[in-house]
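Colleague: Here it is, the structure in full.
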Amino acid sequence: MTPPDPIRPGSALADVNLSSALARQLPALEAAAAAGGSRPKLALQNALDIWSLLAAYPWQRLNYRFGRWQAEQTLWKGFVTFGAWETYHWESTVESFQLLDPYTGAKLGEMYSQKRLQFFKGSAYAEPDVLTPPAGAVEVAGDPRSIAAYRPAGGAADTIRISWDPYLNNVVLREGIQALRTGQSDTLPPAYLFVDLDLLDKYRAWFVDEPDKPARKAPWANDVRTYRPGGPPRFGRSR
């Protein structure tokens, strides 16, 4: 059944071709969820949440950068020294992507990659990510500071994915979409935790800027530990 969300003028779902294509995907997801299993139910929930975001928000074209070198603790040295000191090294990762203003380059937000979500939640996020390192353009519907649907610029319905900020609790984000769906709010709530992306990037080097492993010593990353994500990257969980 087509979700009952009101489709706002100018929203992404005001495109009849897109709304029809997404509606055609729902019966199979509903049947799989009815057959049982947490992952099919999560896949259906994600599809409904994507619908709600697209019914409320227009596509916004942003730039992204994807893939980076991250300062990570060298655990074996900590074991050898019984924690007497900490040592860090560079590791490559594609666990998240950063969203940027296409005109100013300002950092607008950061979101989990699908690969990272699949690592934690499996088949509900089995489709490959539609973004490729090191950088490019992406269309976003939602709030780049918290949660959004996204697709490559001009992408079809089957290229739409959902993601959210790793440093925010996904339960609160889920409640924000529910408020959209029920008409309790016209917009998603603002991010409830300030995330200092400049601070985070002191301990990282994005592939678009430094494609090769940095030659400089990896810095200590203690400051970043002040951010406490709301558990593993689950989505659609109730209280």
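Colleague: Which of the helices (runs of 4 or more DSSP H) found entirely inside the range 1-110 contain at least 1 residues meeting this: modelled with pLDDT of 95 or more?
Modeller: The helices (runs of 4 or more DSSP H) meeting that bar are 16-34, 38-56.
Colleague: Would you call R61 in contact (Cβ under 8 Å) with a residue 24 or more places away in the chain and out of contact with any Lys or Arg (no Cβ under 9 Å at 6 or more places or on another chain)?
Modeller: Spelling it out, R61 is indeed in contact (Cβ under 8 Å) with a residue 24 or more places away in the chain and out of contact with any Lys or Arg (no Cβ under 9 Å at 6 or more places or on another chain).
Colleague: In the range 112-141, what count of residues is obtained for those that are hydrophobic (A, V, I, L, M, F, W, C), within 24 Å of L180 (Cα to Cα) and modelled with pLDDT of 95 or more?
Modeller: Here the count works out to 3.
Colleague: For the range 136-185, what are the residues that are part of a loop (DSSP other than H, G, I, E, B), touching a Leu at 6+ places or on another chain (Cβ under 8 Å) and either closer than 23 Å to T2 by Cα or of a type in the set (A, V, I, L, M) (or both)?
Modeller: Listed by number, the residues that qualify are I160, L168.
Colleague: Is it true that some residue in the range 71-89 is buried (at least 18 other Cβ atoms within 10 Å of the Cβ) and farther than 23 Å from D198 by Cβ?
Modeller: no
Colleague: Kindly indicate which of P144, P152 is closer than 23 Å to Y227 by Cβ, modelled with pLDDT of 90 or more, of a type outside the set (D, E, K, R) and surrounded by 15 or more Cβ atoms within 10 Å (Cβ to Cβ).
Modeller: Going through P144, P152 in turn, just one is closer than 23 Å to Y227 by Cβ, modelled with pLDDT of 90 or more, of a type outside the set (D, E, K, R) and surrounded by 15 or more Cβ atoms within 10 Å (Cβ to Cβ): P144.
Colleague: A further question follows. Considering the range 120-135 alone, what residues qualify as being touching a residue at least 60 places away in the same chain (Cβ under 8 Å), surrounded by fewer than 19 Cβ atoms within 10 Å (Cβ to Cβ) and in a loop (DSSP other than H, G, I, E, B)?
Modeller: Selection gives T132, P134.
Colleague: Same structure, new question: With respect to N169, is the statement that it is modelled with pLDDT under 90, of a type in the set (S, T, N, Q), within 14 Å of the chain's Cα centre (by Cα) and surrounded by fewer than 21 Cβ atoms within 10 Å (Cβ to Cβ) true?
Modeller: Taking the combined requirement at face value, the residue satisfies it.
Colleague: Taking only pairs six or more apart or across chains, which ones have beta-carbon atoms under 7 Å, a first residue in the range 27-46 that is farther than 21 Å from L117 by Cβ, and a second residue that is outside any loop (DSSP other than H, G, I, E, B) and aliphatic (A, V, I, L, M)?
Modeller: E30/L44
Colleague: Please specify each residue of the range 190-236 satisfying the condition of being basic (K, R), modelled with pLDDT under 90 and surrounded by 14 or more Cβ atoms within 10 Å (Cβ to Cβ).
Modeller: R234, the sole residue that qualifies.
The values are calculated or read from the model by the stated rules, or taken from the named source; none is laboratory data. Please read all numbers here as calculations on a predicted model, not as lab measurements. Virtual Cβ from ideal backbone geometry, glycine too; neighbours counted across all protein chains shown.
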